[in-house]
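Q: Below are the structure tokens for one structure; questions will follow.
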Amino acid sequence: MYAGAKAFFYSLSRSATLKRLASKYGMRARDSFARRFIAGETVEEAIETSRQIQGQGLMLTLDYLGESVRTPEEADVATREYVRLLDVIVASGIERNISLKVTQLGAGVDRATCVDNLRRILEPARRDGFFVRIDMENSPWTQLTLDIFETLWQQEYRNTGIALQAALYRTEQDVRRMNELGARVRLVKGAYKEPENVAYQRKADVDAAFLRLMRLLLESGHYPAIATHDPLMIAATRSYAREHGIAKDRFEFQMLYGIRRDLQASLVAEGYRMRLYIPFGREWFPYFMRRLGERPANLGFVVRGILRER
Ligand code: FDA
């Protein structure tokens with residue numbers, strides 16, 4: 001079921017008809033179904049949401065949605081949007097932290113284009129004191145993403161970090177490499193349907209890997225981010241930190257906008273650092289479908305939303 005649901009929603013996420021339908025109904029009203037997970041289609045809406053979230057004592061990272069662009073022109077447009085986002089964030093006074101994807105910036109065009117585009121973002125980001133997290137996409141992109149990350153790291157762009165997925169067999173080796181570099185890792189379970197030759201298929205195996213990697217990161221990582229909504233993973237992280245004298249300010253928890261707000265609030269109340277990943281933009285459909293794949297029960301509120309809005 002675990003891998004099955006991901007595969008099912010992944011195949012739907014490639015349907016142009018469904019995308020058209022969802023785009024029509026998903027964000028129309030203030031209470032539309034996609035708004036549960038997406039902060040809005042415009043940067044202004046995302047900033048407004050970010051202000052409210054900061055007011056509740058949470059930290060944030062803003063993600064301008066988009067992925068898998070096919071041409072240098074599209075990658076250029078996405079890069080400009082990110083550069084504009086930096087300016088808007090500075091002007092707004094909210095926390096300076098963004099997340100992005102390499103396939104949005106031209107990794108699928110060629111590596112050099114992507115590195116150049118990233119530099120166009122990292123340069124002003126460094127100047128203005130931003131932290132920039134590179135999300136991890138599905139496994140055909142893992143090695144290239146890490147290569148691009150290391151290239152930029154060696155060019156002294158140290159205001160960056162990377163996301164690594166517990167589901168992949170290779171990840172322990174990648175965590176060790178990032179720890180060696182001194183780079184900040186966001187540990188996630190992995191949102192994509194992956195083949196058996198590269199990734200664990202059973203939830204129990206992914207969870208066990210997540211716990212092993214969490215311990216490795218708390219022991220020898222550099223301000224790691226433990227990104228999960230899973231109460232068991234969170235409890236294990238808290239216990240491990242307590243038992244090993246790791247202070248609450250040496251790591252942070254992260255969650256996605258719209259998921260487990262109760263847990264977010266209780267962790268903040270207990271003095272843990274909690275960062276929310278806030279996605280926005282018109283290209284929300286693939287991100288939204290991944291959220292459905294993680295929890296098929298979410299389909300219920302989508303159907304109710306569509307029926308209400310028709
Ligand atoms: P799990 O899937 O076991 O869920 C645990 C519990 O959380 C569920 O029982 C439910 O209560 C709640 N929950 C989880 N997902 C939900 C949903 N969609 N809707 C409602 N409730 C839900 N992945 C990736 O491949 N690359 C990346 O770069 C990132 N980046 C990223 C950043 C941040 C801040 C987070 C929190 C997550 C990611 N992810 C990601 C996604 C990640 O890989 C994973 O798919 C989701 O976090 C769901 O896994 P959980 O760890 O929450 O556990």
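Q: Dipole of the range 194-310, Cα-centred, from +1 at each Lys and Arg C-beta and -1 at each Asp and Glu C-beta, to the nearest 20 debye?
A: Magnitude of the dipole: close to 400 debye.
Q: Fewest first, what order do 257, 157 take by the number of other Cβ atoms within 10 Å?
A: Fewest-to-most Cβ neighbours within 10 Å comes out as 157, 257.
Q: Another question about this same structure. Using a Förster distance of 22 Å, how high is the FRET efficiency between residue 11 and residue 198, based on the Cβ-Cβ distance and rounded to 0.05?
A: Plugging the Cβ-Cβ distance into 1/(1 + (r/R0)^6) gives 0.75.
Q: May I have the count of lysine pairs in the range 39-283 with C-alpha atoms under 20 Å apart, counting pairs 8 or more residues apart or located on different chains?
A: Lysine pairs meeting the criterion: 4.
Q: Taking neighbour Cβ counts within 10 Å as the exposure measure, how do 19, 248, 193 sort from fewest upward?
A: Neighbour counts put them in this order, fewest first: 248, 19, 193.
Q: Hey, another quick one. Which aspartates and glutamates have a Cα lying under 18 Å from the Cα of residue 19, excluding residues fewer than 8 positions away in the same chain?
A: 41, 67, 283, 309
Q: Right, next: Between residue 97 and residues 5 or more places away or on another chain, which pairs have amide H atoms under 5 Å apart, with H built 1.01 Å from N, and which residues are they?
A: 62, 131
Q: Can you tell me how the chain classifies by the Cα gyration tensor, rounded, prolate or oblate, using a/c under 1.5 as the rounded cut?
A: Taking the square roots of the gyration eigenvalues as a ≥ b ≥ c, the chain is rounded.
Q: For a footprinting-style exposure proxy, rank 118, 85, 144 by other Cβ within 10 Å, fewest first.
A: 144, 85, 118
Q: A further question follows. Mind ranking 229-239, 60-70 by how tightly packed they are, going by the mean number of other C-beta atoms within 10 angstrom, highest first?
A: Ranking the peptides 229-239, 60-70 by packing returns 60-70, 229-239.
Q: Shifting gears a bit: In angstroms, what radius of gyration and Dmax does the range 94-223 have, counting Cα atoms only?
A: When restricted to the Cα atoms of the range 94-223, Rg and Dmax are 14.7, 44 Å.
Q: Report the charge-dipole magnitude of the range 39-283 in Debye, nearest 20, computed about the Cα centre from +1 at each Lys and Arg Cβ and -1 at each Asp and Glu Cβ.
A: 700
Q: Using a Gaussian network model of the chain whose springs link C-alpha atoms within less than 10 Å, name the residue from 15, 50, 139 with the highest mean-square fluctuation.
A: Result: 15 has the largest fluctuation of those listed.
Quick note: the coordinates plus some simple rules give every number you see, no bench work behind them. Note that the coordinates shown come from a computational prediction; the quantities given were computed from them, not determined experimentally. Backbone-built Cβ (ideal geometry, glycine too); neighbour counts: all protein chains shown.
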